[in-house]
Structures are given as C-alpha cells and as structure tokens.
1. With the condition kept exactly as written, say whether any residue in region 165-175 is more than 9 Å from ligand 1 (Cβ to nearest atom), open to solvent by less than 10 Å² (accessible area, probe 1.4 Å), part of a loop (DSSP other than H, G, I, E, B) and closer than 27 Å to ARG71 by Cα.
2. If I filter region 142-164 down to residues being in contact (Cβ under 8 Å) with a residue 60 or more places away in the chain and open to solvent by 30 Å² or more (accessible area, probe 1.4 Å), which single residue comes out as farthest from ligand 1 (Cβ to nearest atom)?
3. Output the residues belonging to region 185-214 that are under 18 Å from ILE264 (Cβ atoms) and within 16 Å of ligand 3 (Cβ to nearest atom).
4. Is one or more of the residues making up region 365-387 aliphatic (A, V, I, L, M), in contact (Cβ under 8 Å) with a residue 24 or more places away in the chain, in contact with a Leu (Cβ under 9 Å, 6 or more places away or on another chain) and part of a strand (DSSP E or B)?
5. Can you pull out every residue in region 35-49 that is open to solvent by less than 30 Å² (accessible area, probe 1.4 Å) and not aliphatic (A, V, I, L, M)?
6. State yes or no: is ARG157 at negative phi, of a type in the set (Lys, Arg), modelled with pLDDT of 95 or more and within 15 Å of ligand 3 (Cβ to nearest atom)?
7. Across region 3-29, what is the total count of residues that are open to solvent by less than 20 Å² (accessible area, probe 1.4 Å), part of a helix (DSSP H, G or I) and within 16 Å of ILE97 (Cβ to Cβ)?
8. Specify which of the listed residues (LYS390, LYS346, LYS380, LYS398) is among the basic types (Lys, Arg) and crowded, with 20+ Cβ neighbours inside 10 Å.
Amino acid sequence: MARIVMKFGGTSVADLDRIKNVARHVKREVDAGHEVAVVVSAMSGKTNELVGWVQGTPKVVGANSPFYDAREYDAVVASGEQVTSGLLAIALQAMDINARSWQGWQIPIRTDNAHGAARILEIDGSDIIKRMGEGQVAVIAGFQGLGPDNRIATLGRGGSDTSAVAIAAAVKADRCDIYTDVDGVYTTDPRIVPQARRLKKIAFEEMLEMASLGAKVLQVRSVELAMVHKVRTFVRSSFEDPDAPGMGDLLNPPGTLICDEDEIVEQEVVTGIAYAKDEAQISLRRLADRPGVSAAIFGPLAESHINVDMIVQNISEDGSKTDMTFTVPSGDVDKAIKVLGENKEKIGYDVVQNESGLVKVSVIGIGMRSHAGVAATAFKALADKGINIKAITTSEIKISILIDGPYAELAVRTLHSCYGLDKN
Ligand code: ADP
Ligand code: ASP
Ligand code: MG
C-alpha cells in the first residue's frame, strides 16, 4: 500500500465527462488499496474568465488599477477550483468511493500575504492523513490557501501544481502524479515541435530551468518544492484509458519522472529547449561609466516589482560611456520606462529605447557542465537560418538567446534538431 497525491489540470476536468474519467483514475488507485489525496484545477478556461471579470471591473467602477484589491481578485479567481473539487467528490461518491472536498482554508494551507502570487508557508496534513487512514479520499481545491490576514490567497497562475507537490510533502506521500493533457515532459513543447521526444526522466535542476524559461507544463515553484522535499513527481496523461495495462504500476507508471540527476544513467548534453514569449528589450544609451550606475537603474525597477532578466552592457572605446540593455516582460515596459524617466537625472543617460514582442529561446542540459562548444552550435544553427541574436545569457546548465518574435518557432525547431533531439 502506498500514499499517492494525484493532481488533475484544467483540461483534465474541463467538463463533467472528463471529471468522470478523472474519477476512474482515482478509483484505480483506491481499488489497489492506496491512500489517495486528489488536487484539482479549475475547468480549463475558467480561471481566465474569472481574471477577465476582475480586470473588467475598473472600467465599470472607475478604479485605476486592474488588480486594485488583490484580496478580492483572489476571492474571485479561487472559485473555479471550489467548483471542480465539489464535482469530483460527487463523481467519486457515485462510484461508491468515500470522498469529500476540501478548500484551502479548511485544511488549512497557510500562505504568505502576497495575494495573487502567494507562497505556501505551512500545511497541516494531520486531518487529511487521518481521513485517508479511514479510507476517505480527500479532493482538494488547488491554487488556493489561507493568508495571514485570514483571507483566501491564490498561488499564481499554474499554482495547482504547487498545491499538489506541497500536499504530497506535507502528508509524506510516496508519489505525486501530475496528470495533464500531454503524457509527460518532452524535449520541447510538443504542441509546437511534433518531433519532440518524451523524456523518461528529467533532473530537478533541468526541470526547474525548463519551467522558469517558459515550459508551462509545471509551475516553477512546484519543481522547487519537489526538489527540496524530495517528492517523487511524475508528469503523466489523464487522457489515457484509466484501466490500460501499466497505468497502476506503483514504481514505474507511464510518464516522466522528475528526479535527482544521479538517477539518470544516460545523461545527454542537451535535455530540452524552452521558449518564453512577450519579452521586451530596453536600452539606455550613453550612460556615464562610473560606479553606482547599475544600482541607480535596477534599484528603482526592483522597487517597482519589475522583473529584469537579461542584462548586457557595452563600453565605448574610450571607456567614458556605456550602453545598458536589459529585458523585462512586455507587459512591464510602460511601467519601466516611466520609472526610468523619473530617475533620469540620477542615472544620467542620454536616450532610452525599447522594443517589445521578442522571444527568449533557451537550451537546457546538465551535460553542458562538462561539454564545451554547446553555445557555438546554437549560434551557428541560428545563423544558418538567418536568425539574428539580440542578447545572450548563460549559466552552468543553460543558454538563453533573445530573438525577434516571428522567428520563435523556427528557432525552437532549429535548436531542437541541431542537438539531435528530434525523434526519428
Ligand atoms: P494543466 O492544465 O494540466 O496544468 P498546462 O497547460 O498548464 O496543463 O501544461 C501542459 C502543457 O504544457 C502542454 O499542453 C504543453 O503544450 C505545454 N508544454 C510546454 N512545454 C512542454 C514540455 N517541454 N513538455 C510537455 N509539455 C509542455
Ligand atoms: N486554475 C489556475 C490557473 O489556471 C491554477 C492551475 O490551473 O494550476 O492558473
Ligand atoms: Mg498547469
């Protein structure tokens, strides 16, 4: 007997038929004698609709910020998961399975006060463990918890993954299965590269980079938690027949295992390619080249919660002036330009330029640590396709390249095949 946390994403619970199908997956594990807790997302499209309503309210009531009260944003957008947790509990009961729904506040899942992007601080798993021991399935609303102000807090988009891994850690589950609309983690998004291959295993660090650099198959924070708490996490499909052979395999279920790198025997140099759209580039021209300039630029941006990513600095030949170029999410450009304008004198630049609609493509692999020439291969492959590189950043296990938006898919496909990742 094992203890298993099963998480089902939006497309897996998109309507009543799919919810019934999810109940069959749960029944399989219950019938095998396992203790089960389930985490659900809202029906696909629901959270977007709810967010749209909240963003629409300022136009109606005249407030000037889209999220003018983040606590009410949370009260609204958390409701999608409340619905699916109840519906799944009903579907399970209809199959004679003892089940009940739990909202974040009922467990409780304690979060910090960052409404809209809260972090889980603590989960009291004792009630759930007790009920599971009595044979009851806990159906938990993902994406939500209870803030220090005693109000509902949501975990940021895609946050149900994080709910699931955090609950798995809290109840000391043997496994956390993330069921979604693809049957595992692929070498790149299988929706844009049909040649992508499914990975049997991927190291925590690589998955962390893939997720941070745009692969939305798992929320970044869920991977961090899985890594820290050593949660055995599988990504697998809810669309396969719940009773197909092997689906109930305890140690090797179908899908991709996220694990420690030493569990991976045949480590490739490059494991995957990720991409992130809607990046923007801002350049400050002719800055004085003196100590404190970077602090004068990036301090105020950080205070305004603007997430700066790639940073490139060029120094003029005589060493007196420099150009600073950096990237921010496209949605933050106007805010960033405003902040830079307000600090123009302190920073001391000549002009500011910006360009939106850029894409960051990234090559990821732990094998890069011990191999030279990985970056050169990417640069040559992109050059051969006439794709211009605007900025580059690297770390031990990744290379990120900024390019023009329209070249995104071509660049991802090109990089995917130049490292031999295409399936035959
Ligand atoms: P859910 O609603 O189940 O949480 P998401 O839409 O959040 O599902 O995540 C699954 C999607 O992630 C897939 O449909 C796929 O298009 C996308 N994706 C991006 N990169 C990858 C990748 N490397 N491997 C698998 N899926 C990926
Ligand atoms: N429903 C939430 C979202 O769409 C959380 C999730 O699906 O993980 O972001
Ligand atoms: Mg998701």
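1. No, region 165-175 has no match at all.
2. If we take residues in region 142-164 being in contact (Cβ under 8 Å) with a residue 60 or more places away in the chain and open to solvent by 30 Å² or more (accessible area, probe 1.4 Å), then ASP149 is farthest from ligand 1 (Cβ to nearest atom).
3. If the condition is that a residue be under 18 Å from ILE264 (Cβ atoms) and within 16 Å of ligand 3 (Cβ to nearest atom), then VAL185, TYR186, MET207, LEU208, MET210, ALA211 are the ones that fit.
4. No: zero hits.
5. Of the residues in region 35-49, the ones open to solvent by less than 30 Å² (accessible area, probe 1.4 Å) are 35-42, 47.
Passing the criteria: GLU35, SER41, THR47.
6. Yes; evaluated as a whole, the condition is true for this residue.
7. Residues that pass the stated criteria total 6.
8. LYS398
The values are calculated or read from the model by the stated rules, or taken from the named source; none is laboratory data. Computed from a predicted structure; not experimentally measured. In this analysis, Cβ positions are derived from the backbone assuming ideal geometry, glycine residues included, and neighbour counts consider all displayed protein chains. Heavy atoms of the whole protein, side chains included, go into the accessibility calculation; ligands, DNA and RNA do not. Shrake-Rupley method; radii C 1.70, N 1.55, O 1.52, S 1.80 Å.
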